[in-house]
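The values are calculated or read from the model by the stated rules, or taken from the named source; none is laboratory data. Predicted model, so just to flag it, every value in this text is computed and none were measured. As a convention, Cβ positions derive from the backbone with ideal geometry for all residues, glycine included, and neighbour counts pool all protein chains shown. Accessible surface areas use protein heavy atoms only, side chains included; no ligands, DNA or RNA. Shrake-Rupley method; radii C 1.70, N 1.55, O 1.52, S 1.80 Å.
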Amino acid sequence: MCFLLNSSAAYRIQMNVQHMSEKETKQAEVEATEAQETEVDTATVETTEAEAATAEAPKAKVSEAQANPKKFLEEFNWHNYEEGIEQVDDKKLQEFEKLVSENFVDTLDDEVVEGEVIHISDRDAIIDINAKSEGVISLNEFRYNPNLKVGDKVEVLIDVREDATGQLVLSHRKARVIKAWDRVNKAHDTGEIVNGFVKCRTKGGMIVDVFGIEAFLPGSQIDVKPIRDYDQYVNKTMEFKVVKINHEFKNIVVSHKALIEADIEEQKKEIISQLEKGQVLEGIVKNITSYGVFIDLGGVDGLIHITDLSWSRINHPNEIVELDQKLNVVILDFDEDKSRIQLGLKQLSKHPWEALADDVKIGDKVKGKVVVIADYGAFIEVEEGVEGLVHVSEMSWSTHLRSAQDFVNVGDEIEAVILTLDREDRKMSLGIKQLTPDPWTDITKKYPVGSKHTGIVRNFTNFGVFVELEEGIDGLIYISDLSWTKKIKHPSEFCNVGDKLDVVVLELDVEGRKLSLGHKQTTDNPWDKYETEYALGTTHTAEISEMVDKGATVEFNEDIVAFVPSRHLEKEDGKKLKKGDTAEFKIIEFNKEFKRVVASHTAIFREEEIANVKAAVAKAEASAAEAKPTLGDANDQLQALKDKMDGKKSK
């Protein structure tokens, strides 16, 4: 089969041929020249044959066009005839296309191709990629490969198809980056292990060169155990696993720990399968925290709680162990899947309570060191790992409880008495106050009822004051026993903590260890004297000190403040007394028990009027007796006096 080859197709073929190397181009030109000569010879032969056929036309057969002109005209290709397109043999065209496909390189962007180093100068390397010209690459891009030589195959990326000088510019570095990203993506997808070179430290980890791309190695992904010296890994080549790729920001995260974990996981399964409670294993201190120590058992981590490090009380695990220390531990417990293992160190030695001497008993005096202080007491270490509690109530005979810190401090060496001892539960209670005699033993002799003493104010309550007579002997003064005359709402109005007060023992309860005291009883009750001085009906001169609801108050002295009701403030002229007015007052009420005094100014002049009326009546009666007046005259005089009195009242 043959087809027609137009001029545009020939031009495309010609342009494709231009992309071949010069050597191949020359060869193609030679072949084209031979083909043209062959075509000329063929044309000459065909022309000769045509002329001969014309000469012999009368004798030749009739052609198809002549035999069937109508069919010939219908099938004739007028377009090719007008364009002057010649017929090309199909076989030759296929051979030409094969030659182009084998030698042509399409110089597309972002496509990596393989080239051959054909020449190396001082600065550049000439690379042949089967294009119409060779490409140039700076030797700086091959610094990683100082052994580059002619004939080496390298991967390149077409950077510039044709620069100002017509030169093809290639890039080996860009090709490496593209290929490197392909390899990194493949390693991430398949889990392939890659080699990387640790270049330097950075914040939070290391920078690693993987296939020419910088990747980040977090500090937590270097090893299964915490790393304290990062510099030991710099400039080392290690194996890594690509764990994360951020295509948007072109970030790569690698891990060396993931490779170790894979190996450790196998060891871990083997170790876990053999774990048993009570088993003793050797481990290495991996990490120390405030609450315990993590031990590496060879791929499996266990925790020794701070309470399982030593029988003695410690403040921090670093008092017992240090990092990377090898030690034996015992397995105390683990969960069902054995992912959490509880270890112990102190359990490898005998419990101190078991070593406690058999002759230690209740009542013995022991010495020890204060190791812990709490609000309720202090813990004393009698022997290593053996502690006793001194409750705050056992530190002093005083019933006024205070904080344990008021008696002892951590680290103090003290002596105490064993109060209780329970070897089975491993508990011991101690007492300090038992070292001194109980002050309540002879309390009745030292503080009999009615005896006077001096004490120190230790504490206040809403209802009274606690006064300490001596260590362990406290008494209570009720608020009503503080003063004979003052009305006290709270003890702090009368005294302060630490003040010394004279007291009298009012009551004594030996069994209940209670002592009732009084302060006002140390002096005579002034109200005994006031009862006579301010008796009912007595008159006193004073000043209105304050106006209050329903009346006013009058101070007769420091102790007595009398109340004057409003109706008793009226003066003789009908007006009322005001604050600051001085007047005479009559005592109309005196209550010694409740310390209540009521006075009246009005009662003074009203009593005088009544006395005047009585005097007038008596005089009238005397006059009437002398003059013997009539009964009517006497009635008139009495009526006049009555009217006079009523008139004053109306005012």
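Excluding ligands, DNA and RNA, what is the solvent-accessible area per residue of the range 211-250 at a probe of 1.4 Å, expressed in Å²?
The answer is 64 Å² per residue.
By how many nm would the segment from Asp502 to Asp406 grow when fully extended, if each residue of separation counts as 0.36 nm and the alpha-carbon distance is taken off?
31.9 nm
In whole percent, how big is the carbon plus sulfur part of the accessible area of the range 181-237, probe 1.4 Å, protein atoms only? Let's see the in-between values first.
Working: 1530 of 3300 Å².
C and S atoms contribute 46 percent here.
Which ³J(HN,Hα) values in Hz, rounded to whole numbers, follow from the phi angles of the range 181-186 under the Karplus curve 6.51 cos²θ - 1.76 cosθ + 1.60, where θ = phi - 60° and Gly and Pro get x?
For the range 181-186, the Karplus curve yields 5, 4, 5, 5, 4, 5 Hz.
Within the set of other residues whose C-beta is less than 14 Å from the C-beta of Thr237, count the net charge using Lys and Arg as +1 and Asp and Glu as -1.
After counting each charged neighbour, the total is 0.
Using a 1.4 Å probe, what is the accessible area per residue for the range 297-410, in Å²?
Values: 6220 Å² over 114 residues.
Result: 55 Å² of accessible area for each residue.
Within the range 472-580, count lysine pairs with alpha carbon atoms under 24 angstrom apart where the residues are 8 or more positions apart or belong to different chains.
Lysine pair count for the range 472-580: 23.
If you take the Cα Rg of the range 171-227 and divide it by 2.2 N^0.38 Å, with N the number of residues, what do you get? Working shown, then result.
Working: Rg = 12.8 Å, N = 57, 2.2 N^0.38 = 10.2 Å.
That ratio works out to 1.26.
Around Lys433, with a cut-off of 11 angstrom between Cβ atoms, what is the net charge of the other residues, counting Lys and Arg +1 and Asp and Glu -1?
Its environment carries a net charge of -3.
Per residue of the range 129-138, what does 6.51 cos²θ - 1.76 cosθ + 1.60 with θ = phi - 60° give for ³J(HN,Hα)? Whole Hz please, x for Gly and Pro, Karplus curve as stated.
Working through the residues one at a time gives 10, 6, 9, 5, 8, 7, x, 10, 9, 5 Hz.
Once phi is turned into ³J(HN,Hα) by the Karplus curve 6.51 cos²θ - 1.76 cosθ + 1.60 with θ = phi - 60°, what whole-Hz value does each residue of the range 115-126 show in order, with x for glycine and proline?
The phi angles translate into x, 10, 6, 10, 7, 10, 9, 5, 10, 10, 10, 8 Hz.
Compute the normalised compactness of the range 316-386: alpha-carbon radius of gyration over 2.2 N^0.38 Å, N being the residue count. Let's see the in-between values first.
Values: Rg = 17.2 Å, N = 71, 2.2 N^0.38 = 11.1 Å.
The value comes to 1.55.
Based on C-alpha coordinates, I'd like the Rg and Dmax of the range 338-442, in Å.
In order Rg, Dmax, the Cα atoms of the range 338-442 give 16.2, 66 Å.
Can you give the accessible area of Ile588 in Å² (nearest 10), computed on protein heavy atoms with a 1.4 Å probe?
Spelled out: Ile588, probe radius 1.4 Å, area about 70 Å².
Roughly speaking, to the nearest percent, how much of the range 347-459's 1.4 Å accessible area is carbon and sulfur?
Of the solvent-accessible surface of the range 347-459, carbon and sulfur hold 48 percent.
Taking Rh as the Kirkwood radius computed over C-alpha pairs, what is the Stokes-Einstein D of the range 117-271 at 25 °C in a medium of viscosity 0.890 mPa s, expressed in µm² per second? Don't jump to the answer; show the numbers that get you there.
Numbers: Rh = 17.9 Å.
The Stokes-Einstein estimate is 137 µm²/s.
Among DSSP beta bridges lying fully in the range 484-586, give the percent that are antiparallel, nearest 5. All intermediate terms of the calculation are to be shown ahead of the outcome.
Values: 20 of 20 bridges.
Around 100 percent of the beta bridges assigned by DSSP in the range 484-586 are antiparallel ones.
With r as the distance between the Cβ atoms of Ile120 and Glu214 and R0 = 30 Å, compute the FRET efficiency 1/(1 + (r/R0)^6) and round to 0.05.
0.60
Express in whole angstrom the spacing between the alpha-carbon centres of the range 486-564 and the range 444-478.
So the separation of the two Cα centres works out to 20 Å.
Debye calculation, C-alpha points only, no solvent: report log10 I(q)/I(0) for the range 107-156 at q = 0.16, 0.20, 0.21 Å⁻¹, in the same order as the q values.
Computed log10 I(q)/I(0) values: -0.42, -0.65, -0.71.
Given the peptides 187-199, 347-359, arrange them by the average over their residues of other C-beta atoms within 10 Å, most packed first.
Averaged packing, sorted descending, gives the order 187-199, 347-359.
Whole percent per 10 Å bin, from 0 to the bin with the longest distance: what is P(r) over all C-alpha pairs of the range 477-544?
Cα pair-distance distribution for the range 477-544, in percent: 17, 35, 28, 15, 4, 1.
Output the Cα-based Rg and Dmax of the range 380-425 in Å, rounding Rg to one decimal and Dmax to a whole number.
Just the Cα atoms of the range 380-425 yield Rg and Dmax of 11.9, 34 Å.
Which far-off residues, 5 or more places away or on another chain, put their amide H under 5 Å from the one on Leu506, with H placed in the peptide plane?
Gly450, Ser516, Leu517, Gly518
Excluding Ser451 itself, what net charge comes from residues whose Cβ is under 15 Å from its Cβ, given Lys and Arg +1 and Asp and Glu -1?
-1
Label the range 223-302 by shape, choosing from rounded, prolate and oblate, from the square roots a ≥ b ≥ c of the eigenvalues of the Cα gyration tensor; if a/c is under 1.5 it is rounded, and otherwise prolate applies when a/b is larger than b/c, oblate when it is not.
On the way: a/c = 2.49, a/b = 1.84, b/c = 1.35.
Judged from the Cα gyration tensor, the range 223-302 comes out prolate (a/c at least 1.5, a/b above b/c).
Checking a compactness column here: for the range 245-366, what do you get for Rg(Cα) / (2.2 N^0.38 Å), N being the number of residues?
Working it through for the range 245-366, the quotient is 1.48.
Need the full-extension length gain, Ser133 to Asp509, defined as separation in residues times 0.36 nm minus the C-alpha distance. One decimal, nm.
Full-extension gain reported as 123.1 nm.
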